[in-house]
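The values are calculated or read from the model by the stated rules, or taken from the named source; none is laboratory data. Computed from a predicted model, the values in this text were never measured in an experiment. Cβ sites come from the backbone with ideal geometry, for glycine too, and all protein chains shown count toward neighbours. Calculation scope for accessible area: heavy atoms of the full protein, side chains included, ligands and nucleic acids excluded. Shrake-Rupley method; radii C 1.70, N 1.55, O 1.52, S 1.80 Å.
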Amino acid sequence: MLIALLASLMIQQTAPEEAPMIMAALTQETVEIRENFSGAELILYGATRGLTIEDEIVVVLRGPDSDLRVMQRERNFGIWVNRAPRNFEAVPSYYSIASTQPLENIATLEALQRNAIGLRQILSEPNQTESAETRAYREAIERAGNRDALYSTAPRGVEVLDGGLFRATLVLPPKIPVGTYDAEVYLFRDGRPIASRTTSLRVVKAGFERWIYDMAHDWPLLYGLLCVILAALAGYAAAAAFSRR
Amino acid sequence: MQIYLPIAEVSVNIFLLLGLGAGVGFLSGMFGVGGGFLMTPMLMFIGIPPTVAVASEANQIVASSASGALAHWVRKSLDPKMGLVLLAGGIVGSVFGVQLFAWLSTLGQIDLIIRLSYVGFLGIIGTIMLIESLSAIHRRSRPDARREGGSVRRKRTWIDALPFKMRFPRSGLYISVIPPIAIGFVVGTLAAIMGVGGGFVMVPAMIYILRMPTNVVVGTSLFQIFFVSSLTTVLQAAQNQTVDVVLALLLTVGGVIGAQFGARAGRYVKAEDLRALLALMVLGVCIKVGFELVLTPSDLFVVMPRGMEGAH
(Lines give C-alpha, C1' and ligand atoms only; values in the text may rest on other atoms or scores of the structure.)
Protein backbone atom coordinates (compact mmCIF):
# COMPACT_ATOMS: atom_id res chain seq x y z
CA MET A 1 0.00 0.00 0.00
CA LEU A 2 2.81 2.32 0.95
CA ILE A 3 4.68 1.63 -2.25
CA ALA A 4 1.59 2.12 -4.36
CA LEU A 5 0.92 5.42 -2.67
CA LEU A 6 4.44 6.68 -3.19
CA ALA A 7 4.50 5.49 -6.77
CA SER A 8 1.26 7.25 -7.60
CA LEU A 9 2.55 10.46 -6.10
CA MET A 10 5.84 10.24 -7.95
CA ILE A 11 3.96 10.03 -11.23
CA GLN A 12 1.68 12.92 -10.35
CA GLN A 13 4.60 15.10 -9.46
CA THR A 14 5.35 15.70 -13.08
CA ALA A 15 2.29 17.93 -13.27
CA PRO A 16 3.53 21.14 -11.59
CA GLU A 17 0.44 23.31 -11.79
CA GLU A 18 -1.79 21.17 -9.55
CA ALA A 19 -2.70 22.22 -6.02
CA PRO A 20 -0.26 21.30 -3.23
CA MET A 21 -0.99 17.97 -1.64
CA ILE A 22 0.32 15.84 1.17
CA MET A 23 -0.09 12.13 1.83
CA ALA A 24 1.18 9.79 4.47
CA ALA A 25 1.25 6.16 5.49
CA LEU A 26 2.52 4.37 8.55
CA THR A 27 4.79 1.37 8.41
CA GLN A 28 2.29 -0.37 10.66
CA GLU A 29 -1.43 0.21 10.85
CA THR A 30 -1.85 -1.85 14.00
CA VAL A 31 0.38 -1.94 17.03
CA GLU A 32 -0.12 -5.05 19.11
CA ILE A 33 0.53 -5.09 22.82
CA ARG A 34 1.71 -8.55 23.75
CA GLU A 35 3.32 -9.91 26.91
CA ASN A 36 6.78 -8.70 25.88
CA PHE A 37 5.62 -5.22 24.82
CA SER A 38 7.96 -2.50 25.99
CA GLY A 39 7.10 0.31 23.64
CA ALA A 40 7.21 0.58 19.87
CA GLU A 41 8.67 2.73 17.16
CA LEU A 42 6.77 3.53 14.00
CA ILE A 43 7.87 5.25 10.88
CA LEU A 44 5.53 7.53 9.03
CA TYR A 45 6.34 7.96 5.36
CA GLY A 46 4.82 10.70 3.38
CA ALA A 47 4.86 12.39 0.06
CA THR A 48 4.03 15.91 -1.00
CA ARG A 49 3.20 17.52 -4.23
CA GLY A 50 4.32 21.05 -4.93
CA LEU A 51 6.75 21.20 -2.02
CA THR A 52 8.94 24.29 -2.20
CA ILE A 53 12.01 25.18 -0.20
CA GLU A 54 10.01 27.46 2.13
CA ASP A 55 7.41 24.85 2.98
CA GLU A 56 7.41 22.98 6.24
CA ILE A 57 5.86 19.72 7.33
CA VAL A 58 4.21 18.93 10.68
CA VAL A 59 3.26 15.42 11.81
CA VAL A 60 0.90 14.96 14.77
CA LEU A 61 0.02 11.63 16.36
CA ARG A 62 -2.89 11.81 18.77
CA GLY A 63 -4.14 9.00 21.00
CA PRO A 64 -7.67 8.38 22.23
CA ASP A 65 -9.17 11.09 24.45
CA SER A 66 -9.93 10.63 28.11
CA ASP A 67 -11.33 12.77 30.91
CA LEU A 68 -8.83 13.80 33.54
CA ARG A 69 -9.00 15.20 37.02
CA VAL A 70 -6.18 17.39 38.20
CA MET A 71 -5.72 18.23 41.86
CA GLN A 72 -3.40 20.51 43.66
CA ARG A 73 -1.32 19.26 46.54
CA GLU A 74 -1.44 21.36 49.64
CA ARG A 75 0.21 20.94 52.99
CA ASN A 76 -2.30 20.53 55.80
CA PHE A 77 -1.12 19.88 59.33
CA GLY A 78 2.22 18.83 57.88
CA ILE A 79 0.94 16.30 55.37
CA TRP A 80 0.27 16.75 51.68
CA VAL A 81 -3.38 16.52 50.76
CA ASN A 82 -5.01 16.67 47.34
CA ARG A 83 -7.45 19.51 46.95
CA ALA A 84 -9.16 21.82 44.46
CA PRO A 85 -9.94 19.32 41.73
CA ARG A 86 -10.47 20.49 38.19
CA ASN A 87 -11.80 18.33 35.43
CA PHE A 88 -10.50 18.40 31.90
CA GLU A 89 -12.52 16.76 29.18
CA ALA A 90 -11.28 15.08 26.01
CA VAL A 91 -7.59 15.26 26.80
CA PRO A 92 -5.46 13.23 24.40
CA SER A 93 -3.91 10.29 26.21
CA TYR A 94 -1.00 10.42 23.80
CA TYR A 95 0.24 13.38 21.80
CA SER A 96 3.40 13.77 19.83
CA ILE A 97 4.43 16.36 17.30
CA ALA A 98 7.27 16.05 14.85
CA SER A 99 8.14 18.83 12.45
CA THR A 100 10.80 20.04 10.07
CA GLN A 101 11.45 23.07 12.30
CA PRO A 102 10.38 24.25 15.73
CA LEU A 103 6.64 24.84 15.58
CA GLU A 104 6.85 28.53 16.42
CA ASN A 105 8.98 29.12 13.31
CA ILE A 106 6.51 27.29 11.12
CA ALA A 107 3.09 28.51 12.04
CA THR A 108 1.30 31.51 13.44
CA LEU A 109 -0.45 31.05 16.76
CA GLU A 110 -3.75 31.70 15.07
CA ALA A 111 -3.19 28.91 12.56
CA LEU A 112 -2.24 26.50 15.33
CA GLN A 113 -5.34 27.43 17.26
CA ARG A 114 -7.63 27.08 14.31
CA ASN A 115 -6.32 23.63 13.50
CA ALA A 116 -5.96 22.60 17.16
CA ILE A 117 -2.31 21.73 16.78
CA GLY A 118 -0.31 21.51 19.99
CA LEU A 119 -1.38 20.51 23.48
CA ARG A 120 -1.72 24.07 24.58
CA GLN A 121 -4.22 24.77 21.83
CA ILE A 122 -6.19 21.63 22.65
CA LEU A 123 -6.30 22.10 26.41
CA SER A 124 -7.09 25.80 26.66
CA GLU A 125 -10.24 27.54 25.57
CA PRO A 126 -9.81 29.18 22.18
CA ASN A 127 -9.72 32.96 21.96
CA GLN A 128 -9.58 33.46 25.69
CA THR A 129 -6.82 34.67 27.84
CA GLU A 130 -5.88 31.97 30.24
CA SER A 131 -5.77 32.76 33.96
CA ALA A 132 -2.59 31.95 35.82
CA GLU A 133 -4.40 29.28 37.78
CA THR A 134 -5.84 27.49 34.77
CA ARG A 135 -2.43 27.62 33.22
CA ALA A 136 -0.87 25.89 36.24
CA TYR A 137 -3.39 23.05 35.94
CA ARG A 138 -2.84 22.71 32.22
CA GLU A 139 0.91 22.62 32.64
CA ALA A 140 0.51 19.89 35.24
CA ILE A 141 -1.19 17.71 32.63
CA GLU A 142 1.65 18.36 30.21
CA ARG A 143 4.27 17.51 32.83
CA ALA A 144 2.52 14.26 33.75
CA GLY A 145 2.35 13.27 30.08
CA ASN A 146 6.00 14.14 29.54
CA ARG A 147 7.04 12.04 32.54
CA ASP A 148 5.53 8.92 30.99
CA ALA A 149 6.78 9.92 27.52
CA LEU A 150 3.15 10.09 26.39
CA TYR A 151 3.63 13.66 25.24
CA SER A 152 6.59 14.60 23.14
CA THR A 153 7.76 17.08 20.58
CA ALA A 154 10.51 16.55 18.04
CA PRO A 155 11.18 19.97 16.48
CA ARG A 156 13.34 18.40 13.81
CA GLY A 157 11.75 14.99 13.76
CA VAL A 158 10.56 15.20 10.18
CA GLU A 159 13.22 14.43 7.63
CA VAL A 160 12.68 15.64 4.09
CA LEU A 161 13.97 13.29 1.44
CA ASP A 162 14.38 13.77 -2.28
CA GLY A 163 11.39 14.22 -4.55
CA GLY A 164 8.99 15.66 -2.02
CA LEU A 165 9.13 12.60 0.19
CA PHE A 166 9.48 12.81 3.94
CA ARG A 167 9.81 10.55 6.92
CA ALA A 168 9.13 10.85 10.67
CA THR A 169 9.85 8.42 13.49
CA LEU A 170 7.11 8.13 16.09
CA VAL A 171 7.86 6.60 19.46
CA LEU A 172 5.16 4.82 21.47
CA PRO A 173 6.19 4.35 25.12
CA PRO A 174 5.22 1.22 27.12
CA LYS A 175 2.41 3.07 28.88
CA ILE A 176 0.33 3.85 25.81
CA PRO A 177 -3.39 3.22 26.07
CA VAL A 178 -5.25 1.07 23.57
CA GLY A 179 -7.54 2.63 21.03
CA THR A 180 -7.56 4.46 17.72
CA TYR A 181 -4.80 6.97 17.09
CA ASP A 182 -4.95 9.66 14.43
CA ALA A 183 -1.84 10.62 12.55
CA GLU A 184 -2.24 14.01 10.89
CA VAL A 185 0.23 15.48 8.45
CA TYR A 186 0.21 19.16 7.51
CA LEU A 187 1.96 21.06 4.79
CA PHE A 188 2.62 24.62 5.97
CA ARG A 189 3.35 27.60 3.76
CA ASP A 190 3.65 31.17 5.07
CA GLY A 191 2.51 30.12 8.50
CA ARG A 192 -0.69 28.47 7.35
CA PRO A 193 -1.52 24.88 6.47
CA ILE A 194 -2.19 24.50 2.79
CA ALA A 195 -2.76 20.78 2.75
CA SER A 196 -3.37 18.08 5.30
CA ARG A 197 -4.18 14.41 5.51
CA THR A 198 -5.21 12.06 8.30
CA THR A 199 -4.40 8.42 8.62
CA SER A 200 -5.14 6.21 11.55
CA LEU A 201 -3.41 3.67 13.71
CA ARG A 202 -4.90 1.11 16.03
CA VAL A 203 -3.26 0.08 19.27
CA VAL A 204 -4.68 -3.22 20.50
CA LYS A 205 -3.90 -5.82 23.07
CA ALA A 206 -3.20 -9.14 21.42
CA GLY A 207 -2.71 -12.78 22.27
CA PHE A 208 -2.54 -13.68 25.94
CA GLU A 209 -2.72 -10.04 27.10
CA ARG A 210 -5.94 -9.54 25.21
CA TRP A 211 -7.42 -12.77 26.49
CA ILE A 212 -6.81 -11.78 30.12
CA TYR A 213 -7.91 -8.19 29.63
CA ASP A 214 -11.12 -9.16 27.82
CA MET A 215 -12.01 -11.73 30.43
CA ALA A 216 -11.39 -9.30 33.30
CA HIS A 217 -13.71 -6.76 31.68
CA ASP A 218 -16.34 -8.98 30.05
CA TRP A 219 -16.80 -11.60 32.80
CA PRO A 220 -15.38 -9.86 35.88
CA LEU A 221 -17.01 -12.19 38.38
CA LEU A 222 -15.81 -15.35 36.62
CA TYR A 223 -12.36 -13.82 36.26
CA GLY A 224 -12.22 -13.00 39.97
CA LEU A 225 -13.24 -16.55 40.88
CA LEU A 226 -10.61 -17.97 38.54
CA CYS A 227 -7.94 -15.74 40.12
CA VAL A 228 -8.88 -17.08 43.55
CA ILE A 229 -8.92 -20.70 42.42
CA LEU A 230 -5.55 -20.33 40.70
CA ALA A 231 -4.01 -18.71 43.77
CA ALA A 232 -5.48 -21.33 46.13
CA LEU A 233 -4.15 -24.12 43.91
CA ALA A 234 -0.73 -22.48 43.79
CA GLY A 235 -0.72 -22.24 47.59
CA TYR A 236 -1.84 -25.84 47.94
CA ALA A 237 0.78 -27.06 45.44
CA ALA A 238 3.50 -25.14 47.26
CA ALA A 239 2.50 -26.57 50.63
CA ALA A 240 2.36 -30.08 49.19
CA ALA A 241 5.67 -29.80 47.33
CA PHE A 242 7.62 -28.49 50.30
CA SER A 243 6.08 -30.64 53.02
CA ARG A 244 7.21 -33.78 51.18
CA ARG A 245 10.86 -32.92 51.68
CA MET B 1 13.30 -9.42 30.48
CA GLN B 2 10.27 -7.14 30.44
CA ILE B 3 6.74 -8.41 30.84
CA TYR B 4 3.66 -6.36 30.09
CA LEU B 5 1.04 -6.75 32.80
CA PRO B 6 -2.39 -6.92 31.15
CA ILE B 7 -4.42 -5.15 33.87
CA ALA B 8 -1.80 -2.88 35.42
CA GLU B 9 -0.91 -1.83 31.83
CA VAL B 10 2.73 -1.32 32.64
CA SER B 11 5.83 -3.11 31.49
CA VAL B 12 7.93 -4.47 34.36
CA ASN B 13 11.04 -6.60 34.59
CA ILE B 14 9.95 -10.18 35.27
CA PHE B 15 12.97 -10.90 37.48
CA LEU B 16 12.22 -7.83 39.57
CA LEU B 17 8.76 -9.24 40.33
CA LEU B 18 10.06 -12.74 41.04
CA GLY B 19 12.80 -11.29 43.24
CA LEU B 20 10.36 -9.04 45.06
CA GLY B 21 8.10 -12.05 45.66
CA ALA B 22 11.05 -14.12 46.91
CA GLY B 23 12.38 -11.35 49.16
CA VAL B 24 9.06 -10.58 50.80
CA GLY B 25 8.31 -14.33 50.88
CA PHE B 26 11.57 -14.95 52.72
CA LEU B 27 10.73 -12.33 55.35
CA SER B 28 7.15 -13.53 55.72
CA GLY B 29 8.30 -17.14 56.09
CA MET B 30 10.87 -16.11 58.66
CA PHE B 31 8.52 -13.95 60.72
CA GLY B 32 5.35 -15.90 60.10
CA VAL B 33 3.47 -12.93 58.65
CA GLY B 34 1.69 -12.50 55.34
CA GLY B 35 3.94 -9.74 54.06
CA GLY B 36 1.17 -7.75 52.39
CA PHE B 37 2.18 -4.66 54.34
CA LEU B 38 5.63 -4.87 52.72
CA MET B 39 4.54 -5.93 49.25
CA THR B 40 1.82 -3.38 48.52
CA PRO B 41 4.03 -0.32 49.14
CA MET B 42 6.82 -1.95 47.13
CA LEU B 43 4.48 -2.54 44.19
CA MET B 44 3.37 1.09 44.25
CA PHE B 45 7.00 2.12 44.47
CA ILE B 46 7.92 0.24 41.26
CA GLY B 47 5.10 1.96 39.39
CA ILE B 48 2.09 -0.35 39.66
CA PRO B 49 -1.06 1.81 40.01
CA PRO B 50 -2.19 1.76 43.70
CA THR B 51 -5.60 0.27 42.90
CA VAL B 52 -4.04 -2.61 40.97
CA ALA B 53 -1.36 -3.13 43.63
CA VAL B 54 -3.91 -3.42 46.42
CA ALA B 55 -6.26 -5.75 44.53
CA SER B 56 -3.54 -8.01 43.08
CA GLU B 57 -1.83 -8.30 46.43
CA ALA B 58 -5.13 -9.57 47.89
CA ASN B 59 -4.99 -12.26 45.22
CA GLN B 60 -1.44 -13.20 46.18
CA ILE B 61 -2.43 -13.40 49.86
CA VAL B 62 -5.01 -16.03 48.86
CA ALA B 63 -2.13 -18.24 47.73
CA SER B 64 0.14 -17.66 50.72
CA SER B 65 -2.64 -18.01 53.32
CA ALA B 66 -4.00 -21.14 51.58
CA SER B 67 -0.79 -23.10 52.14
CA GLY B 68 -0.46 -21.86 55.73
CA ALA B 69 -4.10 -22.45 56.69
CA LEU B 70 -3.96 -25.93 55.19
CA ALA B 71 -0.95 -26.90 57.27
CA HIS B 72 -2.66 -25.65 60.44
CA TRP B 73 -5.90 -27.42 59.53
CA VAL B 74 -4.03 -30.73 59.23
CA ARG B 75 -2.32 -30.15 62.59
CA LYS B 76 -5.65 -29.07 64.10
CA SER B 77 -3.97 -25.90 65.34
CA LEU B 78 -6.83 -23.63 64.33
CA ASP B 79 -10.22 -22.92 65.82
CA PRO B 80 -12.73 -23.25 62.95
CA LYS B 81 -15.66 -21.93 65.00
CA MET B 82 -13.79 -18.78 66.01
CA GLY B 83 -12.51 -18.54 62.43
CA LEU B 84 -16.08 -18.51 61.11
CA VAL B 85 -17.16 -15.81 63.57
CA LEU B 86 -14.15 -13.67 62.59
CA LEU B 87 -15.01 -14.40 58.97
CA ALA B 88 -18.58 -13.18 59.42
CA GLY B 89 -17.21 -9.81 60.49
CA GLY B 90 -14.56 -10.02 57.78
CA ILE B 91 -17.09 -10.48 54.98
CA VAL B 92 -19.00 -7.37 56.01
CA GLY B 93 -15.73 -5.47 56.43
CA SER B 94 -14.45 -6.53 53.01
CA VAL B 95 -17.68 -5.54 51.23
CA PHE B 96 -17.62 -2.21 53.09
CA GLY B 97 -13.90 -1.71 52.37
CA VAL B 98 -14.24 -2.27 48.62
CA GLN B 99 -17.11 0.28 48.49
CA LEU B 100 -15.10 2.71 50.59
CA PHE B 101 -12.11 2.21 48.29
CA ALA B 102 -14.21 2.96 45.20
CA TRP B 103 -15.74 6.03 46.86
CA LEU B 104 -12.39 7.43 48.00
CA SER B 105 -10.99 6.85 44.52
CA THR B 106 -13.65 9.07 43.00
CA LEU B 107 -12.76 11.75 45.54
CA GLY B 108 -9.08 11.53 44.55
CA GLN B 109 -8.08 10.80 48.14
CA ILE B 110 -7.34 7.09 47.96
CA ASP B 111 -3.55 7.51 48.00
CA LEU B 112 -3.77 9.64 51.10
CA ILE B 113 -6.05 7.19 52.91
CA ILE B 114 -3.85 4.21 51.99
CA ARG B 115 -0.78 6.03 53.31
CA LEU B 116 -2.49 7.27 56.47
CA SER B 117 -3.75 3.76 57.22
CA TYR B 118 -0.24 2.42 56.78
CA VAL B 119 1.31 5.01 59.05
CA GLY B 120 -1.39 4.65 61.69
CA PHE B 121 -1.66 0.89 61.91
CA LEU B 122 1.98 0.02 61.34
CA GLY B 123 3.08 2.72 63.76
CA ILE B 124 0.87 1.46 66.59
CA ILE B 125 1.46 -2.26 66.01
CA GLY B 126 5.20 -1.81 65.43
CA THR B 127 5.66 0.23 68.59
CA ILE B 128 3.71 -2.21 70.77
CA MET B 129 5.55 -5.16 69.28
CA LEU B 130 8.93 -3.52 69.73
CA ILE B 131 8.30 -2.68 73.40
CA GLU B 132 6.95 -6.18 74.08
CA SER B 133 9.84 -7.97 72.38
CA LEU B 134 12.51 -5.74 73.91
CA SER B 135 11.15 -6.42 77.38
CA ALA B 136 11.13 -10.15 76.55
CA ILE B 137 14.77 -9.92 75.47
CA HIS B 138 15.51 -8.00 78.65
CA ARG B 139 13.81 -10.69 80.78
CA ARG B 140 15.84 -13.37 78.99
CA SER B 141 19.06 -11.73 80.13
CA ARG B 142 17.91 -12.01 83.76
CA PRO B 143 17.01 -15.71 84.14
CA ASP B 144 15.78 -15.37 87.73
CA ALA B 145 13.03 -12.99 86.77
CA ARG B 146 11.80 -15.33 84.03
CA ARG B 147 8.36 -16.81 84.21
CA GLU B 148 7.44 -19.20 81.44
CA GLY B 149 3.84 -19.99 80.64
CA GLY B 150 2.05 -20.66 83.90
CA SER B 151 -1.74 -20.41 83.97
CA VAL B 152 -2.34 -16.86 85.04
CA ARG B 153 -5.92 -16.49 86.14
CA ARG B 154 -7.79 -14.30 83.70
CA LYS B 155 -9.13 -11.15 85.08
CA ARG B 156 -12.67 -10.20 84.22
CA THR B 157 -12.71 -7.38 81.67
CA TRP B 158 -15.35 -5.38 79.84
CA ILE B 159 -15.30 -8.15 77.22
CA ASP B 160 -16.96 -10.53 79.67
CA ALA B 161 -19.81 -8.12 80.23
CA LEU B 162 -20.96 -8.21 76.59
CA PRO B 163 -24.03 -10.22 75.56
CA PHE B 164 -24.41 -12.98 72.86
CA LYS B 165 -21.92 -15.34 74.43
CA MET B 166 -20.80 -18.41 72.58
CA ARG B 167 -18.65 -21.40 73.47
CA PHE B 168 -15.42 -21.95 71.52
CA PRO B 169 -14.25 -25.42 72.61
CA ARG B 170 -10.97 -25.49 70.75
CA SER B 171 -9.88 -22.15 72.19
CA GLY B 172 -11.42 -23.03 75.55
CA LEU B 173 -13.34 -19.75 75.60
CA TYR B 174 -16.86 -18.71 76.46
CA ILE B 175 -17.15 -15.14 75.25
CA SER B 176 -19.41 -12.72 73.46
CA VAL B 177 -19.34 -12.86 69.64
CA ILE B 178 -19.27 -9.05 69.40
CA PRO B 179 -15.49 -8.55 69.84
CA PRO B 180 -14.47 -11.23 67.29
CA ILE B 181 -17.01 -9.90 64.77
CA ALA B 182 -15.71 -6.35 65.31
CA ILE B 183 -12.09 -7.51 64.91
CA GLY B 184 -13.04 -9.42 61.75
CA PHE B 185 -14.76 -6.33 60.38
CA VAL B 186 -11.75 -4.06 60.96
CA VAL B 187 -9.41 -6.62 59.38
CA GLY B 188 -11.72 -7.10 56.39
CA THR B 189 -11.83 -3.35 55.79
CA LEU B 190 -8.05 -3.06 56.08
CA ALA B 191 -7.63 -5.94 53.63
CA ALA B 192 -9.63 -4.06 51.02
CA ILE B 193 -8.05 -0.64 51.57
CA MET B 194 -4.44 -1.47 52.38
CA GLY B 195 -3.93 -4.64 50.34
CA VAL B 196 -2.86 -6.60 53.40
CA GLY B 197 -4.05 -9.83 54.97
CA GLY B 198 -4.36 -8.12 58.32
CA GLY B 199 -2.60 -10.79 60.37
CA PHE B 200 -0.50 -8.11 62.05
CA VAL B 201 -3.69 -6.61 63.52
CA MET B 202 -5.62 -9.82 64.06
CA VAL B 203 -2.94 -11.87 65.84
CA PRO B 204 -2.30 -9.32 68.62
CA ALA B 205 -6.05 -8.66 68.90
CA MET B 206 -6.76 -12.38 69.33
CA ILE B 207 -4.09 -12.71 72.00
CA TYR B 208 -4.70 -9.54 73.97
CA ILE B 209 -8.40 -8.85 73.47
CA LEU B 210 -9.94 -12.29 72.96
CA ARG B 211 -7.25 -14.02 75.04
CA MET B 212 -7.12 -17.01 72.75
CA PRO B 213 -4.44 -19.64 73.38
CA THR B 214 -1.37 -18.79 71.25
CA ASN B 215 -1.17 -22.23 69.63
CA VAL B 216 -4.40 -21.68 67.63
CA VAL B 217 -3.97 -17.95 66.95
CA VAL B 218 -1.85 -18.09 63.78
CA GLY B 219 -3.86 -20.91 62.20
CA THR B 220 -7.20 -19.24 62.93
CA SER B 221 -5.93 -15.93 61.60
CA LEU B 222 -4.74 -17.59 58.36
CA PHE B 223 -8.11 -19.34 58.05
CA GLN B 224 -9.92 -16.00 58.23
CA ILE B 225 -7.39 -14.27 55.95
CA PHE B 226 -7.77 -16.96 53.30
CA PHE B 227 -11.52 -16.44 52.98
CA VAL B 228 -11.49 -12.67 53.37
CA SER B 229 -8.75 -12.17 50.78
CA SER B 230 -10.56 -14.54 48.40
CA LEU B 231 -13.70 -12.47 48.77
CA THR B 232 -11.75 -9.21 48.42
CA THR B 233 -10.16 -10.50 45.21
CA VAL B 234 -13.53 -11.43 43.71
CA LEU B 235 -15.10 -8.11 44.76
CA GLN B 236 -12.20 -6.01 43.44
CA ALA B 237 -12.26 -7.99 40.18
CA ALA B 238 -16.03 -7.67 39.82
CA GLN B 239 -16.36 -4.03 40.82
CA ASN B 240 -13.11 -2.33 39.92
CA GLN B 241 -11.45 -4.72 37.40
CA THR B 242 -8.14 -4.15 39.13
CA VAL B 243 -6.90 -7.69 39.81
CA ASP B 244 -3.87 -8.49 37.69
CA VAL B 245 -3.59 -12.26 37.69
CA VAL B 246 -0.22 -12.26 35.94
CA LEU B 247 1.25 -9.96 38.57
CA ALA B 248 -0.27 -12.01 41.41
CA LEU B 249 1.01 -15.31 40.04
CA LEU B 250 4.54 -14.03 39.47
CA LEU B 251 4.66 -12.73 43.02
CA THR B 252 3.27 -16.05 44.26
CA VAL B 253 5.92 -18.11 42.49
CA GLY B 254 8.69 -16.00 44.03
CA GLY B 255 6.81 -15.87 47.33
CA VAL B 256 6.32 -19.58 47.99
CA ILE B 257 9.98 -20.36 47.33
CA GLY B 258 11.18 -17.44 49.44
CA ALA B 259 8.83 -18.39 52.28
CA GLN B 260 10.30 -21.90 52.56
CA PHE B 261 13.83 -20.59 52.91
CA GLY B 262 12.64 -17.89 55.28
CA ALA B 263 10.92 -20.44 57.51
CA ARG B 264 14.16 -22.42 57.68
CA ALA B 265 16.22 -19.33 58.46
CA GLY B 266 13.71 -18.37 61.15
CA ARG B 267 14.47 -21.52 63.14
CA TYR B 268 17.95 -20.24 63.92
CA VAL B 269 16.70 -17.05 65.53
CA LYS B 270 15.03 -16.76 68.94
CA ALA B 271 11.32 -15.92 68.90
CA GLU B 272 11.66 -12.61 70.76
CA ASP B 273 14.57 -11.54 68.56
CA LEU B 274 12.41 -12.32 65.54
CA ARG B 275 9.59 -10.23 66.95
CA ALA B 276 11.97 -7.35 67.61
CA LEU B 277 13.29 -7.54 64.04
CA LEU B 278 9.76 -7.70 62.67
CA ALA B 279 8.80 -4.69 64.80
CA LEU B 280 11.74 -2.73 63.38
CA MET B 281 10.73 -3.68 59.86
CA VAL B 282 7.11 -2.66 60.46
CA LEU B 283 8.29 0.67 61.86
CA GLY B 284 10.66 1.06 58.92
CA VAL B 285 7.79 0.76 56.43
CA CYS B 286 5.71 3.10 58.60
CA ILE B 287 8.45 5.74 58.57
CA LYS B 288 9.05 5.39 54.83
CA VAL B 289 5.36 5.83 54.04
CA GLY B 290 5.19 8.63 56.60
CA PHE B 291 7.99 10.49 54.83
CA GLU B 292 6.04 10.34 51.58
CA LEU B 293 3.22 12.12 53.36
CA VAL B 294 5.32 14.99 54.68
CA LEU B 295 8.10 15.46 52.11
CA THR B 296 7.44 18.05 49.44
CA PRO B 297 6.41 16.11 46.33
CA SER B 298 8.30 16.59 43.07
CA ASP B 299 5.15 17.87 41.42
CA LEU B 300 2.64 19.98 43.30
CA PHE B 301 -0.19 18.74 41.10
CA VAL B 302 -1.56 15.26 40.55
CA VAL B 303 -3.24 14.11 37.38
CA MET B 304 -5.60 11.17 37.51
CA PRO B 305 -8.18 9.62 35.26
CA ARG B 306 -11.60 10.93 36.10
CA GLY B 307 -13.98 8.79 38.12
CA MET B 308 -11.28 6.22 38.52
CA GLU B 309 -8.11 5.41 40.32
CA GLY B 310 -5.23 7.18 42.02
CA ALA B 311 -2.37 9.33 40.89
CA HIS B 312 0.45 8.54 38.55
Exercise. Taking the range B:146-181 on its own, how many of its residues are at pLDDT 80 or above and among the small types (Gly, Ala, Ser)?
Worked result: 1
Seminar exercise, completed: For the range B:209-250, the count of residues that are open to solvent by less than 10 Å² (accessible area, probe 1.4 Å) and touching a Lys or Arg at 6+ places or on another chain (Cβ under 7 Å) equals 1
Problem set entry | Identity of the residue in the range A:51-107, of a type in the set (Ser, Thr, Tyr) and closer than 25 Å to residue B:303 by Cα, that ends up nearest to the other protein chains (Cβ to nearest Cβ) | A:66
Problem set entry | Some residue of the range A:196-203 being closer than 14 Å to residue A:106 by Cβ and open to solvent by 10 Å² or more (accessible area, probe 1.4 Å) | yes
Exercise. Quick one: would you say residue B:195 is touching a residue at least 24 places away in the same chain (Cβ under 8 Å), more than 10 Å from chain A (Cβ to nearest Cβ), at positive phi and under 18 Å from the mean Cα position of the chain (by Cα)?
Worked result: yes
Exercise. Which one is farthest from residue B:171 (Cα to Cα), of the residues in the range B:71-86 that are part of a loop (DSSP other than H, G, I, E, B), open to solvent by 10 Å² or more (accessible area, probe 1.4 Å) and of a type outside the set (S, T, N, Q)?
Worked result: B:75
Seminar exercise, completed: Just one listed residue, out of B:195, B:184, B:199, is under 20 Å from residue B:61 (Cα atoms), surrounded by 24 or more Cβ atoms within 10 Å (Cβ to Cβ) and modelled with pLDDT of 85 or more, and it is B:184
Seminar exercise, completed: Here the residues within the range B:226-247 that are of a type in the set (A, V, I, L, M, F, W, C) and under 16 Å from the mean Cα position of the chain (by Cα) are B:226, B:227, B:228, B:231
Exercise. Any residue at all in the range B:218-239 that is at positive phi, at pLDDT 85 or above and within 10 Å of chain A (Cβ to nearest Cβ)?
Worked result: no
For this session: Confirm whether residue B:253 is touching a Leu at 6+ places or on another chain (Cβ under 8 Å), of a type in the set (A, V, I, L, M, F, W, C) and surrounded by fewer than 24 Cβ atoms within 10 Å (Cβ to Cβ).
Result: yes
For this session: For the range B:294-304, indicate whether the set of residues that are open to solvent by 10 Å² or more (accessible area, probe 1.4 Å) and part of a helix (DSSP H, G or I) is non-empty.
Result: yes
For this session: Could you list, in sequence order, all residues of the range A:147-183 that are in contact (Cβ under 8 Å) with a residue 12 or more places away in the chain, outside any strand (DSSP E or B) and closer than 30 Å to residue B:12 by Cβ?
Result: A:148, A:149, A:150, A:157, A:173, A:174, A:175, A:176, A:177, A:178
Exercise. Which pairs have Cβ atoms under 9 Å, sit 6 or more apart or on different chains, and link a residue in the range A:184-210 that is part of a loop (DSSP other than H, G, I, E, B) to one that is surrounded by 20 or more Cβ atoms within 10 Å (Cβ to Cβ) and among the hydroxyl-bearing types (Ser, Thr, Tyr)?
Worked result: none
For this session: Give the number of residues within the range A:85-103 that are among the hydroxyl-bearing types (Ser, Thr, Tyr) and without any contact (Cβ under 8 Å) to a residue 40 or more places away in the chain.
Result: 0
